[in-house]
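Everything on this sheet refers to the single structure shown next.
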Amino acid sequence: MNSDTITILRSRGRRLAKLVKADGAIVGYDEARMFTVIEHDVDNLDDLHRALIWLSDRPDRCIVRAALINATITGPIRRLLHTDRETGDRPTLYEVPRFWVATDWDALDKPDDVDVTDLAACGRVALERLPSAFHRAATIVCATGSHGVKPGIRVRLWHWLDRAITGKEIERWLAGIAGLDVSVFRPAQIIYTAAPVFEVGADLLPNRVALIPGADRVIVPPPEKLAPPAPRQAKPLPETGTIRADTDAWSALRDATARVSSAAISSRHTTILSEAARLARFVHRGLLAASSVENALVGAARDAGKPAGEAEAIFAWVMKQPHTNSRAA
């Protein structure tokens, strides 16, 4: 049996659903810090389907891929995969392989012959973008909070896999697919499941969860196909005090900021992380000033739409890692 669970978070007094105002304006989700948590058993896609229907009417709940470190402590807790260095709060969640996978699709072009209220038809538009292994599999289609309110197709597809895999494996499997938001593959990333709350009037959609029939599971590629690539040997840095050292350092800073500022929404975090790690080598060798790198990354992250403080936190974390603090790197 392919038994699994979904980790359901509840934040009392916080709205984990979008709010549609009387004038049509959309108010985003409330910021929630503390949650009570349960792990709900699901053995197949039918179980998952029933759970998602139940969750769609509960605007104070959501899902994460991670599991509870201590199942006896159900809250209130924070969503932490690592110790918070500022507060000392300990991790509460850890990554586990899952049989289920959610793929997030936002603002896909809607064909003229597809009605926005026909969730199955909208789901098939997104489904065609996935690898062929998904095409004949049973699919749960959930309208996101903006579907039917904003233009285009905005849905989340759920599938059951023939073996459990991690979020990183899913990212490698589905890398490069246009329109796919990979953030939902991260262990502690919130996956919103509630229908929007309407200030006045009724929802345009008759339902926000639909099922496309098909095979009961998706065949996953073998483990070796989803394994991480072999680490690339870092290019040796030039000796300090040379013209080449200055040229390489400033070229690296220029290229890194360009990549961060132009990064897609789905890859902004990983791009900042990888570029910060690359530039940290130059800082530790004395080829770049830490303040120059931090300021450049902060500005580029702001241009990419990331909130204030995130790039600083990433750079500070990277600078403390042993693999970046090597004078031989």
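General remarks:
- In Hz, Karplus ³J(HN,Hα) per residue of region 213-227 (6.51, -1.76, 1.60; θ = phi - 60°; x = Gly, Pro): x, x, 4, 6, 7, 9, 7, 8, x, x, x, 5, 6, 9, 6
- For the chain, the longest principal axis of the Cα atoms and the long axis of helix 290-303 meet at an angle of about 30 degrees.
- Value of Rg to Rh for the chain (Rh from inverse mean 1/r over Cα pairs, i.e. Kirkwood): 1.00
- Anisotropy class of region 118-261 from Cα gyration tensor, a/c 1.5 cut: oblate
- Packing, as the average of other Cβ atoms within 10 Å across residues, places the peptides 76-84, 100-108 in the order 100-108, 76-84, highest first.
- Counting neighbouring Cβ atoms within 10 Å and putting the fewest first, the residues Ser261, Ser251 line up as Ser251, Ser261.
- Helical contribution to [θ] at 222 nm, DSSP H n ≥ 4, -39,500 (n - 2.57), averaged over the chain, rounded to 500: -8500 deg cm²/dmol
- Taking Cα atoms only, the orientation of helix 243-261 departs from the longest principal axis of the chain by about 10 degrees.
- Ascending count of other beta-carbon atoms within 10 Å, so fewest first, for Thr193, Thr117: Thr117, Thr193
- For Leu211, nonlocal amide neighbours, meaning residues 5 or more places apart or on other chains whose placed amide H falls under 5 Å from its own, are Val141.
- Close amide-amide hydrogen proximity is noted between Ile77 and Phe35, Thr36, each under 5 Å apart and 5 or more residues distant or on a separate chain (H modeled in the peptide plane; Pro and chain starts excluded).
- Degrees between helix 45-56 axis and first principal axis of the chain (Cα, 0 to 90, nearest 10): 90 degrees
- 5 angstrom amide H check on Arg98, placed H, neighbours 5+ away: Ile165, Thr166
- Under 14 Å, Cα to Cα: Lys pairs in the chain, sequence gap 8 or more or different chains: 4
Each reported figure results from applying straightforward, stated rules to the coordinates on display, with no laboratory input. Values in this document were obtained by computation on a predicted structure and should not be read as measured data. All Cβ positions, glycine included, derive from the backbone under ideal geometry; neighbour counts span all protein chains shown.
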